[in-house]
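K.L.:
If you scroll down you'll find the structure; I have some questions about it.
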Amino acid sequence: MAEILLSLTIIGVVAAITLPSLTGNINERTWNTQRKALYARFSQAIALMPSLNAYGTLTEGVDSSGSTVVTEDTAAETFVTNGLAKVLKINNICDNEHLQDCGLPEKLTALHGSQYDFPTDNQSVNAMLVNAVWEGHSSDNYSHANVKAAAFETVNGESIAVFYNPSCTSGMNEESYNVQSKVCMMSIYDLNGTKGPNTVGKDMGFIGALYPSDSVVVAPMPYVQLGEAMPFEDAKSYCKNLSSGEYRLPNLDEAALIFVFKKYLSDYNSGNFWTGISYDADYAWGQGLGGDRGHQSLKTTSKRVWCVQR
């Protein structure tokens, strides 16, 4: 009997040690599968929409301090009801005042561990998305009003908040460009509603749609650790050699969404990072973080590395 009790005790100790790790691995695989399925459904749905801009009412005014304000704002909610709801299976739609009624948490934990109140408008996501100016490039100044969020629940149980730019413009084919004007829809998803852990990189992440027509859907999930500054070719190798072998440098569209949601991904919010796109034999594209500008740089230049999962 003593030997049986000792054996059961040992089994219990081993189970207590290994079970949390095993459960965590199962959750990670489940979330990864769900994430890919959600991305696929979004991509198919956006492809069915004729255009992503000009939904809803967005009337801008100026307050006593001269700042741009919205006097009427139904843009994001109308984008969901008259746009996404026509091409996605949606159970419930929530306005800006009731985002949590669609299963979204009151707070989220960023990839780098900090906790934030769940954002309710474009400016809460990233202050540079409203009335942003890139110093020294006055011809590229870009602004739009601070649009409120809307939310919905899918029939698969995901909760999704939509942050919308009804004035979005076409592709990034200039010699340098500001990315925020290209992003039409920015979304934060929660794969299991308020159940937790409500953490970016686990049950939460981001999906975006760029360009009003011929739209592109991206859902980059960056590696938890931002790489140090290094030349372009070294940066590509760094991502390829990460332990899982599933990472690469982001493309231009993925880099734009990383800029949008940068505060939820890293506490590094200035400088530049590489994209994986070459301009020619000597130059490649980089993306700013302190400003939203995409630009060409010599491949021998050192920039930070933000690897994303395939």
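The values are calculated or read from the model by the stated rules, or taken from the named source; none is laboratory data. Since we're looking at a predicted model, the values are computed, not measured. All Cβ positions, even for glycine, are placed from backbone atoms using ideal geometry, and neighbour counts span all protein chains on display.
K.L.:
In the range 182-215, how many are buried (at least 21 other Cβ atoms within 10 Å of the Cβ) and assigned to a helix (DSSP H, G or I)?
P.N.:
Matching residues across the range 182-215 total 1.
K.L.:
I would also like to ask the following. Please count how many residues of the range 294-310 are closer than 19 Å to residue 182 by Cα and surrounded by fewer than 20 Cβ atoms within 10 Å (Cβ to Cβ).
P.N.:
2
K.L.:
From 257, 191, 242, 252, grab the single residue that is under 25 Å from residue 26 (Cβ atoms) and either among the acidic types (Asp, Glu) or not assigned by TED's automatic domain parsing to the domain that holds residue 128 (or both).
P.N.:
242
K.L.:
Okay, next question. Considering the range 275-308 alone, what residues qualify as being in contact with a Ser or Thr (Cβ under 8 Å, 6 or more places away or on another chain) and outside any loop (DSSP other than H, G, I, E, B)?
P.N.:
Answer for the range 275-308, where residues must be in contact with a Ser or Thr (Cβ under 8 Å, 6 or more places away or on another chain) and outside any loop (DSSP other than H, G, I, E, B): 283, 284, 285, 286, 287, 293, 294, 295, 296, 303.
K.L.:
List the number of the failed condition for residue 166; all other conditions in (1) modelled with pLDDT of 85 or more; (2) within 17 Å of the chain's Cα centre (by Cα) hold.
P.N.:
(2)
K.L.:
Give the range 239-253 a look and list any residue that's more than 24 Å from residue 125 (Cβ to Cβ) and either touching a helix residue (DSSP H, G or I) at 6+ places or on another chain (Cβ under 7 Å) or assigned to a strand (DSSP E or B) (or both), or say none.
P.N.:
247, 248
K.L.:
Criterion first (at positive phi and either surrounded by 15 or more Cβ atoms within 10 Å (Cβ to Cβ) or modelled with pLDDT under 90 (or both)) does residue 113 satisfy it?
P.N.:
no
K.L.:
Now, a different point. Of the residues 236, 263, which is assigned to a helix (DSSP H, G or I), more than 27 Å from residue 104 (Cα to Cα) and out of contact with any Ser or Thr (no Cβ under 7 Å at 6 or more places or on another chain)?
P.N.:
236
K.L.:
Right, another one. Could you please find all residues in the range 216-233 being part of a strand (DSSP E or B) and more than 22 Å from the chain's Cα centre (by Cα)?
P.N.:
229, 230 - these are the residues of the range 216-233 that are part of a strand (DSSP E or B) and more than 22 Å from the chain's Cα centre (by Cα).
K.L.:
May I pose another question? Name every residue in the range 38-81 that is of a type in the set (Gly, Ala, Ser) and either over 30 Å from residue 308 (Cβ atoms) or modelled with pLDDT under 95 (or both), in order of residue number.
P.N.:
The answer is 51, 54, 56, 61, 64, 65, 66, 67, 75, 76.
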